[in-house]
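Everything below concerns the one structure shown next.
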Amino acid sequence: MTQNLFDGERKSAQKESAEFSHALAADTLESALQNVLFEGTNAYIDVLCQLTLVRLAEANERTIAIQLNLEDERVRRGSGIAVDALLAKSRLQLAKEQRVVFEGNMQQAADRFTQVFDKVPSPPAMIDPLPPYRLLPDTFDTAITIALQNNPLVANASRLIDVARANQRIAASGYYPRVDVVGVANWEDDINAVPGIRRDWSVLLRSTWDLFAGFSTLSATAQAASQYASSLNNHVFVNRKVAEEVRLA
């Protein structure tokens, strides 16, 4: 039976790394949930938006068609100008092209809605959501502070720093000896032509130290240090990216 007493804090660092990885997975799950909710919200609102644009384009097209008929009637009666009728025809053609574009965007919005919700949108059953103005912060600084405190991407970047720090300790443990308590119990009966029963017990303190590992420990610690520096830079980048997204929103 062997009980380890000291291993350069490798096991404690591995435990911390596993705990941080577990928290990292939880942050990743939260980020995925928020992305799904955001995608669903966008898909819902986009259908309503494109539907409104199609209706406005159709109304605009009808209005221009009426204006074109009036201009044609004036030209036939001799009180109008042919150029005005031509301009009205040009505006009508542009209105038709714009309506076709909006109808295409509407079809794309419906396809995205179907992909997200696994059903075809039903505009008559959809309502315009009211913006939650009371939940919106009053200033940029307040909004950025809230985002940096609650955004799962920021939390994820912080966990990566913790994991990298624990990995540094794991790599550095190769520089230290390993100390174990080893307990041995032996029972022999008529062994090697010696009659009778023999019982042996021993408790040993065993130390193992790898003095040279082909520079693998040096390389591992250098790699861990680089990953730690990378995680710090990534954390700064994620914070700036989140702040940028808040300003754009």
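The values are calculated or read from the model by the stated rules, or taken from the named source; none is laboratory data. Keep in mind it's a predicted model, so treat the numbers as computed, not measured. With ideal geometry, Cβ positions are generated from the backbone for all residues, glycine too; neighbour counts draw on all protein chains shown.
Got a sec? Which of 33, 51, 37, 29 is under 28 Å from residue 224 (Cα atoms) and either assigned to a helix (DSSP H, G or I) or modelled with pLDDT under 95 (or both)? Let's see the steps before the verdict.
Numbers: 33 fails: under 28 Å from residue 224 (Cα atoms); 51 fails: under 28 Å from residue 224 (Cα atoms); 37 fails: under 28 Å from residue 224 (Cα atoms).
Going through 33, 51, 37, 29 in turn, just one is under 28 Å from residue 224 (Cα atoms) and either assigned to a helix (DSSP H, G or I) or modelled with pLDDT under 95 (or both): 29.
Anything in segment 1-18 that is exposed (fewer than 14 other Cβ atoms within 10 Å of the Cβ) and either touching a Phe, Trp or Tyr at 6+ places or on another chain (Cβ under 6 Å) or assigned to a helix (DSSP H, G or I) (or both)? List them, or say none.
11, 15, 18
Name, by its number, the condition in (1) closer than 24 Å to residue 171 by Cβ; (2) surrounded by 10 or more Cβ atoms within 10 Å (Cβ to Cβ) that does not hold for residue 212.
Among (1) closer than 24 Å to residue 171 by Cβ; (2) surrounded by 10 or more Cβ atoms within 10 Å (Cβ to Cβ), residue 212 violates only (2).
Testing residue 131 on (1) under 20 Å from residue 54 (Cβ atoms); (2) of a type outside the set (Asp, Glu); (3) assigned to a loop (DSSP other than H, G, I, E, B), one condition comes back false. Which one is that?
(1)
Looking only at segment 111-127, decide whether some residue is in contact with a His (Cβ under 8 Å, 6 or more places away or on another chain), in a helix (DSSP H, G or I) and touching a residue at least 40 places away in the same chain (Cβ under 8 Å).
no
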